[in-house]
């Protein structure tokens, strides 16, 4: 453990989709971060999956919330198995926060958040922060893509925001509805230029954030290029391997 590590106290976990959990930690006194930033979690148990005992996680929580939340898919890795087996009161080392993939209210341009799977997590932080700070002069549109309807996370929370906020919109598309256990009657297929044109009213004047698997981030960057979006108006965040 290096000298920059501090400790979080684990509170609880909550299942948010078929294979994803949110993990709640007490926010350390004086801990400050920007919506969209991430931390490094360090587990002390031996990890035998080849990637060691450290992982980076976006803070799903808004800085306005009392606890820190990270959300991840629980895949078959030693690290994730140890994470899901944490008990209440366990101490977990962390470092950070890090990152500049953040919500900056000084920039008033409309935000378009393009998410793939678990990549929607920083946008929860940003949307709740804007709500809690009563930031109503910046429009926000989330277009989130999931492989299966079973994988969708935070849909009820985002729908609630959509109903209450005039400056917020939320769209979900499912790429493999035929393989989903849960029925789906919404948008289907990948996020593409046509979906962006359908749901974004000010395409050229918006500020775009893309978060998700590397392949998806690269593909959507190319889509935005075809829509003549300047590179300076695009921010990206890769979620490798979850």
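Fewest to most neighbouring Cβ within 10 Å: what's the order for 187, 232?
Placing the least packed residue first, the sequence is 232, 187.
Restricting the calculation to Cα atoms, region 1-144 yields a radius of gyration followed by a Dmax of 15.6, 48 Å.
Note on the chain: GNM, Cα springs under 10 Å; of 23, 158, 31, the largest mean-square fluctuation is that of 31.
Computing mean projected area of the Cα convex hull in nm² for the structure here picks out one of (1) 15.8; (2) 15.1; (3) 13.5, namely (3). Each of 64, 71 was scored by other Cβ atoms within 10 Å of its Cβ. Arranged with the fewest first, they read 64, 71.
Could you give the alpha-carbon Rg of region 113-188 over 2.2 N^0.38 Å, rounded to two decimals? Relative to the 2.2 N^0.38 Å estimate, region 113-188 comes out at 1.12. Look at the alpha carbon pairs under 8 Å that are at least 6 residues apart: their mean separation over the length of the chain gives a relative contact order of 19 percent.
Structure remark: mean-square fluctuation, Gaussian network model of the chain, C-alpha springs under 10 Å; the largest value among 95, 76, 37 belongs to 76. Modelled spin labels at residue 106 and residue 18, positioned 7 Å past Cα toward Cβ, are 4.4 nm from each other. Reducing region 86-122 and region 124-153 to their Cα centroids gives an inter-centroid distance of 12 Å. Comparing 119, 30, 52 in a Gaussian network model of the chain where C-alpha atoms under 10 Å apart are linked, the largest mean-square fluctuation is found at 30. Among 221, 125, 149, 214, the order by Cβ neighbours within 10 angstrom, fewest to most, reads 214, 221, 149, 125.
Considering only beta bridges that DSSP places wholly inside the chain, some 50 percent are antiparallel. Take the Cα of residue 198, step 7 Å toward its Cβ, do the same at residue 64, and the gap between the two points is 3.0 nm.
Explain nothing, just the number: relative contact order of region 6-98, from Cα pairs under 8 Å at least 6 residues apart, as a whole percent.
With pairs under 8 Å counted, the relative contact order is 41 percent.
Here, each number is a calculation from the coordinates, and none is a lab measurement. If you're wondering where the values come from, they're calculated on a predicted model, not measured in any experiment. Note: ideal-geometry Cβ built from the backbone for every residue, glycine included; neighbour counts use all protein chains shown.
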